[in-house]
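Please read the structure below before turning to the comments.
The values are calculated or read from the model by the stated rules, or taken from the named source; none is laboratory data. All values derive from a computational prediction rather than experimental measurement. Don't worry about glycine lacking a Cβ; one is built from the backbone with ideal geometry, like all the others, and counts go over all protein chains shown. Please note that ligands, DNA and RNA were not included when accessible areas were found on the heavy atoms of the full protein model with its side chains. Shrake-Rupley method; radii C 1.70, N 1.55, O 1.52, S 1.80 Å.
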Amino acid sequence: MTFLHRFMTSNRFQLIFFILVLIAGSYLASVRYFIKDKSDFASFTDVDIDHVKTSVILADVRTVEIDKREAKVELRIYLADELTLNHKADTPKEDLRLISYSSNEEFLFKAKQPIRKVLITLPLLGTITDYPFDTFQTTLGLGFFRNVSDLETEGIPLVLNMKSPITRYKLEFFEKQVEDYWTDRRTGNVDRLIQVARTTSNQFVSMFIMISMFCLGIIILLITARILLYKKEVHYYELILISVLLVALPSLRNSQPGIPGFAVLSDYLSFFWALGLTTVSLIVLIIHWHFFKEKTESE
């Protein structure tokens, strides 16, 4: 009992206990963030105009490609009953026209033909060098019209609902400020702001790897300082270990989820520092080992 009490009150046990609690806490936090991000789907439900049935466009953000700076959005159109043929929500009784102002595309829907799904590509604006805290924005602007004459069109009242089943990125939908909210919808024009960011779980994993790399660099620096201050002998396995770590650091850096090329924010916060400290320490230890070996042989 005395030995057990002495061990539990020792600094070694407290250090081991702290490390175990830190590992367990990090594990539980990563799992919690992953489950939360997986179930947190972005959605935006518009309101009906004057509480009457209007045409509805359901926009699904299918893919987000940060490297290409683009997002693909799938549009499904459900027509108001007065525009349908035989009360079929996907079949117009007259020619209709959909304009995507954001992607500069125009789609013509022929009368008496079912409307297929429409896929548009939106450009993303943002700074990827802020990884893992980078955010991007794009605008989904649509216009829905029918022909009154050969030269005149009429806007179709429109409701735009949005959702995103993507779990890799966090998406948020916002209303774009317009001069007259209701007039825009009555004339068939709607705008949405789409904001894209990294999920909390991705940011957590990235931060964990960044802290790990920085700590590795500090540890190597402390080992080097101890050897130099106390004039310790440098062993082969120490040089091999640091060399292996130097080679492994880029792979550890690239294990961050969705990380782009070099020279992003996370590199300046951890990777470059860890790489620099490890490289300098290895060079210093090789020089110290060389002169220490010559001095030992001469004696």
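Things to note:
- Taking amide H as placed 1.01 Å from N in the peptide plane, TYR101 has its amide H under 5 Å from the amide H of GLY141, LEU142, GLY143, each at least 5 places away in sequence or on another chain.
- Prolate/oblate/rounded call for the stretch 94-177, Cα gyration tensor, a/c under 1.5 rounded: prolate
- Computed accessible area, HIS87, all protein chains, 1.4 angstrom probe, square angstrom: 140 Å²
- Spin-label model, GLU106/ARG32: points 7 Å from Cα along the beta carbon direction are separated by 5.4 nm.
- Annotation: amide H-H contacts under 5 Å for ILE156 (H modelled 1.01 Å from N, sequence separation of 5 or more, or interchain): PHE144, PHE145, ARG146, GLY188.
- Heavy-atom surface of the stretch 90-165, accessible at 1.4 Å and reported per residue (Å²): 51 Å²
- Spatially, the stretch 68-117 and the stretch 206-270 are offset by 55 Å when compared through their Cα centroids.
- Overall form of the stretch 211-299 per C-alpha gyration tensor (a/c, 1.5; a/b vs b/c): prolate
- Karplus-based coupling profile of the stretch 148-163, in residue order and whole Hz: 8, 8, 5, 10, 10, 10, 10, x, 9, x, 9, 10, 10, 10, 10, 7, with θ = phi - 60° in 6.51 cos²θ - 1.76 cosθ + 1.60 and x standing for Gly or Pro.
- Residue-wise HN-Hα coupling along the stretch 244-259, computed from phi with Karplus coefficients 6.51, -1.76, 1.60 (Hz; x: Gly, Pro): 5, 4, 5, 6, 7, 4, x, 5, 5, 5, 6, 6, 5, x, x, 6
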